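What follows draws every value from the coordinates through simple rules; no lab data is involved. Keep in mind the model is a prediction, meaning the values are calculated, not measured. As a convention, Cβ positions derive from the backbone with ideal geometry for all residues, glycine included, and neighbour counts pool all protein chains shown.
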Amino acid sequence: MSYHIKKIGVIGAGQMGSGIAHVCALADHDVYLMDIAEESLGAAVKAIGKRMGRQVEKGKVTQENMDSALKRISTGTSYDGFKDCDLVIEAAAEDEELKKEILRTLCKHVHENTIIASNTSSISITRLGAQTDRPGKFVGMHFMNPVPLMELVELIRGIATDEDVYAAVRTLTEQLGKTAVNAEDFPAFIVNRILLPMINEAVYTLYEGVGSVEAIDTSMKLGTHHPMGPLELADFIGLDTCLAVMNVLHEGLADTKYRPCPLLVKYVEAGWLGRKSGRGFYDYSTDVPVPTR
């Protein structure tokens with residue numbers, strides 16, 4: 001079967017969902033962005049406009065393109081808006097039970113040929129697809145954060161994913177201006193399988209007193225030319241997301257090298273989740289972030 005993807009639904013108006021809506025609308029797709037919280041939708045539309053405005057200032061997007069893209073985005077708190085979507089991308093929090101519940105509900109509101117994708121950064125696509133009424137039309141589509149800037153999308157087949165569905169999603173990914181890489185359905189796929197243990201090791205380095213936050217981040221930026229230090233990056237990703245991915249790796253691969261650092265667990269328990277909560281390995285209450293340890 002051949003698939004023509006015109007209208008795209010996105011579930012979750014957070015950082016990832018709004019970023020996905022942004023790139024899809026700029027690539028001439030009609031987008032329905034859904035979230036259970038009305039205020040999240042308002043904030044997402046505002047953020048999309050702000051990010052597109054920066055692209056216009058840099059000459060990457062024309063004002064005309066921005067105006068027409070923003071008109072293509074509709075929002076709502078109901079699943080009914082997905083009824084005429086050709087593809088729906090789930091971009092909710094990295095919580096397996098939440099994602100399963102969303103997918104089960106979504107299947108009642110889409111037509112039989114709608115492709116469903118999950119933007120999960122670590123959870124089994126086979127397991128998520130099994131919760132739907134269409135495992136053959138289910139695929140992993142892991143965008144990188146921030147979506148408008150990052151060039152990569154990991155595409156993951158579940159054991160049941162149809163080849164023509166995978167091909168359609170790969171074609172779409174390229175049409176969005178992204179580079180697609182195939183990742184097999186193993187815990188955390190490629191990027192996070194490599195990145196998150198590095199971040200976790202940086203937290204262990206802090207926990208064991210080998211270096212301060214500033215020393216660790218400076219060492220990695222100047223010693224390896226990473227654009228951000230690992231602790232700064234962890235704050236950007238969200239410490240709760242970092243912990244969720246480490247737990248998936250630890251449980252899925254049963255290797256002690258993936259054990260989340262106790263300090264990472266403590267920060268999450270304290271609600272110190274990084275930039276989004278105003279405090280993580282850095283305090284963001286002032287103009288210049290200040291290391292907390």
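Per-residue HN-Hα couplings for segment 77-93, Karplus 6.51 cos²θ - 1.76 cosθ + 1.60 at θ = phi - 60°, whole Hz, x for Gly and Pro?
The phi angles translate into 9, 10, 6, 4, x, 8, 4, 10, 8, 8, 9, 10, 10, 7, 9, 7, 4 Hz.
How much of the DSSP bridge set in segment 7-183 is antiparallel, in percent, rounded to the nearest 5?
Roughly 15 percent of the DSSP beta bridges within segment 7-183 come out antiparallel.
Count of lysine pairs in segment 7-183 with Cα atoms under 17 Å apart, counting only pairs 8 or more residues apart in sequence or on different chains?
Close lysine pairs found across segment 7-183: 15.
Quick one, can you get me the convex hull of the C-alpha atoms of segment 122-250 expressed as volume per residue in Å³?
109 Å³
222 nm [θ] for the chain, helices only, -39500 (n - 2.57) per DSSP H run of 4+, per residue, to 500?
Dividing the helical sum by the residues of the chain leaves -14000 deg cm²/dmol.
Provide, for q = 0.16, 0.24 Å⁻¹, the log10 of I(q)/I(0) from a solvent-free Debye sum over equal Cα point scatterers in segment 87-133.
-0.36, -0.84
Could you give the Stokes-Einstein D for segment 1-97 in µm² per second, using the C-alpha Kirkwood radius, 20 °C, 1.002 mPa s?
158 µm²/s
Please report, in whole Å, how far the alpha carbons of segment 192-291 spread along each principal axis, starting with the longest.
Sorted largest first, the three principal extents are 41, 30, 23 Å.
Pop the C-beta distance of T105 and Q175 into the FRET formula with R0 = 35 Å and round what comes out to the nearest 0.05.
Between T105 and Q175 the formula returns 0.80.
Of all alpha-carbon pairs in the chain, indicate the percentage at a distance above 32 angstrom.
Taking all Cα-Cα pairs of the chain, the fraction more than 32 Å apart is 27 percent.
Taking the convex hull of the Cα atoms, report for segment 39-173 its projected area averaged over all directions, in nm².
Result: 8.5 nm².
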